[in-house]
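Student: Below you'll find the structure I mean.
The values are calculated or read from the model by the stated rules, or taken from the named source; none is laboratory data. In this text, all values refer to a predicted model and were calculated from it rather than measured experimentally. Cβ placement follows ideal geometry from the backbone for every residue including glycine, while neighbour counts extend to all protein chains displayed. Ligands, DNA and RNA are stripped out before the accessible areas are found, and what is left, the full protein with its side chains, is counted by its heavy atoms. Shrake-Rupley method; radii C 1.70, N 1.55, O 1.52, S 1.80 Å.
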Amino acid sequence: MDQIIIQGGYPLRGEVHISGAKNSALPILAAALLAEGKSILKNIPRVKDVDTMLKIISSLGAEITQRGDNIELNPTVKKSFASYEFVSTMRASICLLGPLLAKKGEVKISLPGGCAIGPRPVDLHLKGLQRLGAEIKIEDGYIVARGELSGNNIDLRGPFGSSVLATANIMMAACLAKGKTTIFHPAREPELVDLANFLNKMGGDIKGAGGRKIEIEGVKNLEGKKHSIIPDRIEAATYIIAGAISRGEVEIKEANPEHLSFLLKKLKQAGVQIVLRPRGLIVRAKERFRPLHLATAPYPGFPTDVQPLISVLLSLAEGKSVVKEGVYPNRFVYIGELQRMGANIIPREAEIIIQGVNLLKGAKVMASDIRAGAALILAGLAAEGETTVSRVYHIDRGYEDLIKKLSGLGAKIKRKKERSS
Ligand code: UD1
């Protein structure tokens, strides 16, 4: 297992290029299975979750050719089965449920179970597919779904808002269902707009993605097409906060500031300077940060994936911040590690109270999920002395060339094999 070692206290300067969005690439790779012919997907990030998705897709019989960040996918699917071994390493593989059911008429896929950020139910995915006419059983920890699909009205509102991947699953399945489907209270994330754009290029008929209601007219078949994935707004957020927390000046290139508007508003309130550019932005921070009150919510609200990242910045603010988690109430596992670096954070039900400190101190810490891992890297960049982050395989799931990109900005960061004790 590898570790990442950071010498903190060096301001980041220069430019960083943002990769394609992992959360767009995963459902779009699944959507390519719906087509009759090859798709060419560009700007696919080279991250572990994409590798896992490609492994599952090729285990189903599809042919994949990968050149850099381009993938040619020939959807010659023979099997309609995703095992526990795959799904337990990447819960997003649940987004194969809709496309496989629509394409093959049946599918067997492992239930995802829980993870470090809390329970991950799939009731909205199942309810939506049942409304499309699927017969669904749970057998030995697997979802088994079959049936011919017909359009219907579906309300995807859940206890924490809508579900991103349930919206993706229903949108994909409804493209090949008979008749019209209307999704009420869909998730509105930019990655779903990207998915809808790809499905429409393939011959789908989807209107309203990104809005409060999505209407889908089913079509007989879809054709493979070329598509380029949108920039990763969570990766962009990570480098924006890295630039700010290190008190440097960083130009974030190939990012879409529109997708980051809530975060940028909050960062400005905290005293971070942001200058928008046509395809990116410049971030700069000189003064001590001001504290914030914020609550995560589905898009266009403050992203839950950025909650651990901004909490690190707020742990260095002058005064008391309150961060409420409105999407995954248990997503605070990482605070124990930040406390070991000197952060003053008190958990309260579904929220944390952060009393800003003057300084974080380097320590040995452990990543518990992708964004918790990235948060510890950010803490290490700002801290005095050396920070060693272990279990970095979590970070590899979602960040392309993290060490190279941060080193390019002047961070003192390296990766090395962990010695077994
Ligand atoms: C996606 C993102 C993930 C992000 C999350 C929330 C991908 C690949 N992953 O995950 O990075 O953290 O959105 O923005 O896009 N829920 C239910 N029933 C369901 C499904 C979800 O109650 O059937 C709940 C979840 O427990 C959670 C909330 O809805 O509280 C949002 O989850 P969801 O949007 O489904 O997350 P994912 O799509 O899995």
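Student: Mind pulling the per residue volume of the convex hull built on the Cα atoms of the range 264-404? Å³ is fine.
Tutor: Working: hull volume 16.6 nm³, N = 141.
In the range 264-404, the Cα convex hull volume per residue is 118 Å³.
Student: What is the packing order of peptides 135-147, 96-108, 43-55, taking the mean over residues of other C-beta atoms within 10 Å and listing the highest first?
Tutor: On the way: 135-147: 14.6, 96-108: 23.8, 43-55: 20.4.
By packing density, highest mean first, the sequence is 96-108, 43-55, 135-147.
Student: On to the next question. Please report the carbon-and-sulfur percent of the accessible area for the chain; probe 1.4 Å, protein heavy atoms only, DNA, RNA and ligands left out.
Tutor: Working: 8220 of 16970 Å².
The C+S portion of the solvent-accessible surface of the chain is 48 percent.
Student: Another question about this same structure. Taking amide H positions as placed 1.01 Å from N in the peptide plane, with prolines and chain starts having none, which residues 5 or more places from F81, or on another chain, fall under 5 Å of its amide H?
Tutor: Answer set, sorted by chain and number: K108.
Student: What pairs from K38/K180; K108/K180; K364/K416; K38/K220; K127/K180 go past 20 Å between their alpha carbons?
Tutor: Details: K38/K180 26 Å; K108/K180 26 Å; K364/K416 14 Å; K38/K220 17 Å; K127/K180 17 Å.
In this structure, K38/K180; K108/K180 exceed 20 Å between Cα atoms.
Student: Quick one: what are the phi-derived ³J(HN,Hα) couplings along the range 347-358, Karplus 6.51/-1.76/1.60 with θ = phi - 60°, whole Hz, x for glycine and proline?
Tutor: x, 10, 2, 6, 8, 10, 9, 10, 9, x, 10, 6
Student: Roughly how many whole Å is it from the C-alpha centroid of the range 236-293 to that of the range 149-219?
Tutor: 32
Student: Please list 188-196, 360-368 highest first by mean number of surrounding beta-carbon atoms within 10 Å per residue.
Tutor: The peptides rank, most packed first, as 188-196, 360-368.
Student: Express the C-alpha Rg of the range 22-228 as a ratio against the empirical globular expectation 2.2 N^0.38 Å, rounded to two decimals.
Tutor: For the range 22-228, the normalised Cα radius of gyration is 0.91.
Student: Kindly rank 337-347, 162-172, 277-287 from highest to lowest mean number of other beta carbons found within 10 Å of each residue. Present the calculation step by step, with values, prior to reporting the outcome.
Tutor: Numbers: 337-347: 18.8, 162-172: 27.4, 277-287: 16.0.
The most tightly packed comes first, giving 162-172, 337-347, 277-287.
Student: For the range 153-301, compute Rh as the Kirkwood radius over C-alpha pairs and then the Stokes-Einstein diffusion coefficient at 10 °C and 1.306 mPa s; write the answer in µm²/s, rounded to an integer. Numbers along the way, then the final one.
Tutor: Values: Rh = 17.1 Å.
Answer from the Stokes-Einstein relation: 93 µm²/s.
Student: What does the convex hull of the Cα atoms come to per residue for the range 229-324, in Å³? Present the calculation step by step, with values, prior to reporting the outcome.
Tutor: On the way: hull volume 7.7 nm³, N = 96.
Taking only Cα atoms, the range 229-324 has a hull volume of 80 Å³ per residue.
Student: Normalise the Debye intensity by I(0) for the range 51-129, one equal point scatterer per Cα, no solvent, then take log10 at q = 0.12, 0.21, 0.26 Å⁻¹ and round to two decimals.
Tutor: Treating every Cα as an identical point scatterer, log10 I(q)/I(0) equals -0.37, -0.99, -1.28.
Student: Now a separate question. How high is the relative contact order of the range 94-226? Use alpha-carbon pairs under 8 Å, at least six apart in sequence, and give a whole percent.
Tutor: Working: 279 pairs, mean separation 29.2, N = 133.
With pairs under 8 Å counted, the relative contact order is 22 percent.
Student: For the range 1-44 and the range 50-90, compute the distance between their C-alpha centroids and round to whole Å.
Tutor: 16
Student: Run down the aspartates and glutamates and flag those whose C-alpha is under 13 Å from the C-alpha of K207, throwing out any fewer than 8 positions away in its chain.
Tutor: Candidates past the 8-residue exclusion: D194, E215, E217.
Student: Give me the base-10 log of I(q)/I(0) for the chain at each q in 0.06, 0.07, 0.09 Å⁻¹, Debye formula, one uniform scatterer per Cα, rounded to two decimals.
Tutor: The Debye formula, applied to the Cα set alone, gives -0.24, -0.33, -0.54.
Student: Lysines within cross-link reach of K286: Cα-Cα under 17 Å, excluding same-chain residues under 8 positions apart?
Tutor: Answer for K286, where 17 Å is the Cα cut-off: K266, K268, listed by chain and number.
Student: Which of S261, G179, G210 sits closest to the plus end of the dipole of the range 127-262, meaning its Cα is farthest towards the positive end, when Lys and Arg get +1 and Asp and Glu get -1 on the C-beta?
Tutor: G179
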